[in-house]
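The values are calculated or read from the model by the stated rules, or taken from the named source; none is laboratory data. Because the structure is predicted, anything quoted here is derived from the model rather than measured. In this analysis, Cβ positions are derived from the backbone assuming ideal geometry, glycine residues included, and neighbour counts consider all displayed protein chains. We work out accessible area using only protein heavy atoms, side chains counted, and drop any ligands, DNA or RNA first. Shrake-Rupley method; radii C 1.70, N 1.55, O 1.52, S 1.80 Å.
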Amino acid sequence: MPDLPTGTVTFLFTDVEGSTRLLHELGAVAYAEALAEHRRVLRAAFAAHDGVEVDTQGDAFFVAFPTAPGAIDAAATAVDGLAGGPISVRVGLHTGTPLLAEEGYVGHDVHRAARIATAGHGGQILVSASSAALIASDEVSQRLGLSDLGEHRFKDLAAPERIYQLGSEEFPALRSLYRTNLPVPATPFLGRERELAEVVALLARDDVRLLTLTGPGGTVKTRLALQAAAEASEAYPNGVFWVPLAPLRDPALVLEEASRAVGANDDLADHIADKHLLLVLDNFEHLITAALDLSAVLVSCPHLDLLVTSRERLRVRGEQTWPVPPLARNDAAELFAARARAVDPSFTQGSAVAELCSRLDELPLAIELAAARTALFSPEQLLDRLSQRLDLLKGDRDADPRQQTLRATIEWSHDLLSNAEQHLFRRLAVFIGGCTYDAAEQIADAEPDTLQSLLDKSLLRKRDDPAGAPRYWMLETIREYAAERLEESGEDAELQRRHAERFLELAEQAAPHVEDEALRGGREWLDLLERDLDNLRAALDQLTAAGETERTLRLAGALSDFWGSTPHVAEGRRRLEGALRADERPTAARAKALNAASELAAASGDPVTMGHRAEEALALHRALGDRRGAAKSLHQLGYAASEEGGWARAQQLLEESIRLFRDLGDEHYAAWATRTLAWTYAQSGALDRARELYEDGLHQARALRNAAAEAALLGSLGWLAVRQDRVEDALRLYEQSLLIKRDLGDPLEIVIGLCGVARVIADAGQPETAAQLISSVESLREEIGEGEAWVARMNEQ
């Protein structure tokens, strides 16, 4: 192997575009000649700029450069040298500080450069952000310029990377991951190349639409599934979506979680329809009864594929199972060494590593736990101590040997913890779906040093959140073990009480902000509740199980605007209706929950239940002297009456609601209620009165600087102008509305506004232009996951 650059190195990968097609077009002899010329040109360019050829496979080159300017100059020279010829190459550059081992470069920087190259097109030179920062002043870069192509995710599933292109030439979109919520793994994907290829090949088969990866905990089924989904992503132009099921306890939530993942607010099957889409359903084993629901969705959606991870097969028609095997011996040793180097960069792999991995049954999670201890023990010491413990702790002989090994390894790792570490480890099991440090401190008495120690030992993981505080979480297998320890300690009831109190407090603190944001626009508090949804669910379950019915009502009611503003309407209705049935006492908590149930019934298109709940809520609010609650009930009652065509009664109720809101000084709600009132007049044919009310509401919204209400009312006036054949007014009003919605950054409201514009254009005698706009609107509507009927209904107001 030649002397390779060390320290900061820039990697360059090239690949011939359309090599198979070229072979057929040119013929074997001409293609071989062209390929030889291509190699000559590239090698000359690399050598002229101090590039060292690391590897060549087929028609692809892997070259290392000691400087980023040398790499970009070589890339430009190579592409220019091939211009006009039959062969065109895509080039990718990335700069990092890889480890140089005996076998060559080690580290994710190599994989990153390769991924960037494969995302490009022939003649295109792509540059990572780290390389771009080092070549900004280079003569070639300044002459040709660097075009910012934005942030992209690649099949290595690392965090989004900002990509630049040398020059300003137009190319098709990069072949990066598109429409995906696949999480960013904590560590690179290592080993399992054969297994990955087999899973991807199964996904590619037309007769395999439900593929279940089975195996005990610790075989890293999730990581393999995520990587396979990324590798197969080009076959799914409508998206690849991850649905984490470990935190769920109710099988009825499986389809709702899948709907949330893909952005569907209506029926999952209706939303997917004939889209080419892949769902990755992770940790299905405790929700097996939901498998039949999945089968029904598959039948309805001909181009949907499902990739499932589970400790057992689903046992439904059409399922293809694939048992996840242990790591191959070499892959297991490589994984151990990689994780050990993360602890100690100077770690060298000896003969004990292979034996240790064998004793751990080549289980990835067990290997990671052992490698995390190399700061304290050498591989030889680990082998000695772990071997004794494995023999001692393995359970029943008829149990899965790998499950015995994993449990023994977790227990061994746990027993090495200090008392303080063990104390925090078991207490953190109370959280479902992870927690922030503040929550861990308040509920589990966490301290920074102890928490960091659990992270260092791989018993706890950290996920950075750009929109909020970092979150700490456990792999489900480890959390199950920690939960056992918590139950044995006798602390579980107290911890669950603290947990429920914390998340009830959070929901009640967030409620006025979420309501206010629902009126004005903005998502910060909604996003905060979404991040802790699994903990909120657990708190509701705990309060219900403890028979604390009033606090259950308080929590379900406090989440009412959250349920209604997110794809959780069906779950919110179930939670609220269950809480209302469990506690029928005439309390303030029940009154608020009744209003919430009425609002969610409206969102579900159930005006009958909406009216019944609002009527009961109104009576209770009046009995309790809650005038604001009564005003909201009146608004809901008026809306319910309008849904059934009772315009006069609806107007009477809404006018009373508006008077109450104004008496209370709540002009924001009054503006929204005025918009509803105006709609009832428009629907009943009193268009001039409707216009007067819309304009009154618009004046209120502008005086209040309520941009969300202003945009909505401008859109309503545009809709009314269409009905009155005032085309120019309609276009002007919709334009003003859309400009505000754009600034607010609400894609749903933009969809609603564009629908209105399309209607105006069609009425103005330009049906082709309107059709093109509607096509674009449909794409955006599908992307954000809103139902067609709901958008049409909102556009009428």
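Remarks
- Pro244 open to solvent by 20 Å² or more (accessible area, probe 1.4 Å), in contact with a strand residue (DSSP E or B) (Cβ under 8 Å, 6 or more places away or on another chain) and of a type outside the set (Ser, Thr, Tyr): yes
- Candidates Leu506, Leu486, Leu536: the one that is modelled with pLDDT of 95 or more and over 30 Å from Ala591 (Cβ atoms) is Leu486.
- Matching strands (runs of 3 or more DSSP E) fully within the stretch 82-124 where at least 1 residues are of a type outside the set (D, E, K, R) and open to solvent by less than 20 Å² (accessible area, probe 1.4 Å): 89-96, 104-106
- Positions within the stretch 336-360 being closer than 20 Å to Pro216 by Cβ, buried (at least 22 other Cβ atoms within 10 Å of the Cβ) and touching a Ser or Thr at 6+ places or on another chain (Cβ under 9 Å), in sequence order: Phe336, Leu356, Leu360
- Of the numbered criteria (1) surrounded by fewer than 21 Cβ atoms within 10 Å (Cβ to Cβ); (2) among the basic types (Lys, Arg); (3) closer than 30 Å to Leu360 by Cβ, the one Arg205 fails is (3).
- Of all residues in the stretch 604-629, those being part of a helix (DSSP H, G or I) and either open to solvent by 60 Å² or more (accessible area, probe 1.4 Å) or in contact (Cβ under 8 Å) with a residue 60 or more places away in the chain (or both) number 10.
- When residues of the stretch 239-266 are limited to those that are of a type in the set (Asp, Glu) and in a loop (DSSP other than H, G, I, E, B), the one farthest from Asp293 (Cα to Cα): Asp266
Results for (1) touching an Asp or Glu at 6+ places or on another chain (Cβ under 6 Å); (2) in contact (Cβ under 8 Å) with a residue 24 or more places away in the chain; (3) in a loop (DSSP other than H, G, I, E, B), shown as yes or no for each residue.
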site	(1), (2), (3)
Phe425	no, yes, no
Ile432	yes, yes, yes
Ser458	yes, yes, yes
Gly468	no, yes, yes
Arg502	no, yes, no
Glu505	no, no, no
Asp527	no, yes, no
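- Total residues in the stretch 697-750 satisfying the condition of being part of a helix (DSSP H, G or I) and open to solvent by 60 Å² or more (accessible area, probe 1.4 Å): the figure is 13.
- Checking each residue in the stretch 140-168 for being in contact (Cβ under 8 Å) with a residue 24 or more places away in the chain, out of contact with any Asp or Glu (no Cβ under 7 Å at 6 or more places or on another chain) and assigned to a helix (DSSP H, G or I) picks out Ser141, Leu144.
- Any chance Ala570 is crowded, with 17+ Cβ neighbours inside 10 Å and within 20 Å of Glu655 (Cα to Cα): no
- Only a single criterion out of (1) surrounded by 22 or more Cβ atoms within 10 Å (Cβ to Cβ); (2) at pLDDT 90 or above; (3) under 24 Å from Glu480 (Cα atoms) is not satisfied by Leu327, namely (2).
- Among the residues of the stretch 647-683, the ones that are modelled with pLDDT under 90 and part of a loop (DSSP other than H, G, I, E, B) come to 0 in all.
- Any hit, the stretch 585-600, residues being free of Cβ contacts under 8 Å to residues at least 24 places away in the same chain, farther than 20 Å from Leu660 by Cβ, out of contact with any Lys or Arg (no Cβ under 7 Å at 6 or more places or on another chain) and not in a helix (DSSP H, G or I): no
- Within the stretch 178-202, the only residue that satisfies the criterion of being hydrophobic (A, V, I, L, M, F, W, C), modelled with pLDDT under 85, under 18 Å from the mean Cα position of the chain (by Cα) and within 20 Å of Tyr236 (Cβ to Cβ) is Val184.
- Residue count for the stretch 325-356 satisfying the condition of being out of contact with any Pro (no Cβ under 9 Å at 6 or more places or on another chain) and more than 17 Å from Val106 (Cβ to Cβ): 4.
- Scanning the stretch 270-296 for residues that are under 17 Å from Phe241 (Cα atoms) and buried (at least 18 other Cβ atoms within 10 Å of the Cβ) gives His271, Ile272, Leu277, Leu278, Leu279, Val280, Leu281, Asp282, Asn283, Phe284, Leu294.
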